[in-house]
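First up is the structure itself, then whatever we jot down about it.
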Amino acid sequence: MSIENRSQVVEAFLQQIRAIHQRGVDREALKSIVTLLEGLAERRDLFNFDTFPAPVPGEGDTAFRYRLNDDGETPTLYMNSLLPGKSTLPHNHETWAVIVAVEGQEINYVWARTDDGSDPAFARLALEKEVVVQPGTPISFLGEDLHGIKVEGDKPTLHFHLYGRPLESLNGRYGVNQEGKVLNYNASQMAPSIKAYA
């Protein structure tokens with residue numbers, strides 16, 4: 001399948017997402033977005049490791065994030081491939097987010113803040129739940145929800161990540177390290193995306 005056809009499929013999908021986004025996204029709207037993204041994940045002819053290769057173990061990178069559209073501040077779709085052992089700090093997204101698996105498993109640790117937020121440099125977190133995101137088990141978040149991930153096992157992941165705004169524009173995202181220190185997530189943790197749109 002040509003890149004033009006994949007781009008057309010992505011654009012048709014994003015038109016549906018934009019319509020939901022413009023009405024405002026709450027937890028109910030996230031359910032509709034999840035359903036649409038699960039439909040896209042079924043297109044294994046367009047979205048697979050041949051098209052979106054995983055990092056090569058031992059060559060430095062442990063995660064590739066392919067950006068599939070460039071529409072300014074509108075919803076942005078990425079394809080992520082993470083190697084086993086990859087993990088992240090607990091972090092927010094500053095906008096809504098949906099993760100749907102094409103292949104592989106990613107453990108999502110969902111956190112709640114237990115402090116009052118009065119100290120901008122510190123956060124206290126409590127683990128709320130763990131969700132193993134895999135084909136058939138998605139996860140979704142609103143902007144201030146917190147999660148961290150870890151990939152276990154011996155296979156890389158291939159997962160869609162869809163955000164209300166481009167990750168690259170979310171300069172207010174924060175992460176929390178093991179000592180409770182609050183970090184600017186994009187500045188301290190985020191590698192550049194790989195452009196994968198026409």
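The values are calculated or read from the model by the stated rules, or taken from the named source; none is laboratory data. Fair warning: this is a prediction, and the values are worked out from it, not measured in the lab. Positions of Cβ are backbone-derived with ideal geometry, glycine not excepted, and every protein chain shown enters the neighbour counts. Keep in mind that these areas ignore ligands, DNA and RNA; they rest on the heavy atoms of the full protein, side chains included. Shrake-Rupley method; radii C 1.70, N 1.55, O 1.52, S 1.80 Å.
Let's see how each residue does on (1) in contact (Cβ under 8 Å) with a residue 40 or more places away in the chain; (2) over 14 Å from the mean Cα position of the chain (by Cα); (3) open to solvent by 40 Å² or more (accessible area, probe 1.4 Å):
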| position | (1), (2), (3) |
| --- | --- |
| 85 | yes, yes, yes |
| 99 | yes, no, no |
| 124 | yes, yes, yes |
| 129 | no, yes, yes |
| 139 | yes, no, no |
| 142 | yes, no, yes |
| 164 | yes, no, no |
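Scanning the range 13-28 for residues that are part of a helix (DSSP H, G or I), among the aliphatic types (A, V, I, L, M) and touching a residue at least 60 places away in the same chain (Cβ under 8 Å) turns up 14, 17. Quick check, is residue 176 of a type in the set (Val, Ile, Thr) and open to solvent by less than 40 Å² (accessible area, probe 1.4 Å)? Answer is yes for this residue. With the condition kept exactly as written, say whether any residue in the range 35-52 is closer than 21 Å to residue 169 by Cα, touching a helix residue (DSSP H, G or I) at 6+ places or on another chain (Cβ under 8 Å), among the polar types (S, T, N, Q) and part of a loop (DSSP other than H, G, I, E, B). There is no residue in the range 35-52 that is closer than 21 Å to residue 169 by Cα, touching a helix residue (DSSP H, G or I) at 6+ places or on another chain (Cβ under 8 Å), among the polar types (S, T, N, Q) and part of a loop (DSSP other than H, G, I, E, B).
Residue-level analysis places residue 10 among those that are of a type in the set (A, V, I, L, M) and assigned to a helix (DSSP H, G or I).
Could you tell me how many of the residues in the range 89-120 are β-branched (Val, Ile, Thr) and in contact with a helix residue (DSSP H, G or I) (Cβ under 7 Å, 6 or more places away or on another chain)? Total satisfying the criteria: 3. Total residues in the range 53-103 satisfying the condition of being of a type outside the set (Asp, Glu) and assigned to a loop (DSSP other than H, G, I, E, B): the figure is 24. Does the range 56-71 contain at least one residue that is without any contact (Cβ under 8 Å) to a residue 60 or more places away in the chain, open to solvent by less than 60 Å² (accessible area, probe 1.4 Å) and over 17 Å from residue 155 (Cβ atoms)? Yes; the residues of the range 56-71 include at least one that is without any contact (Cβ under 8 Å) to a residue 60 or more places away in the chain, open to solvent by less than 60 Å² (accessible area, probe 1.4 Å) and over 17 Å from residue 155 (Cβ atoms).
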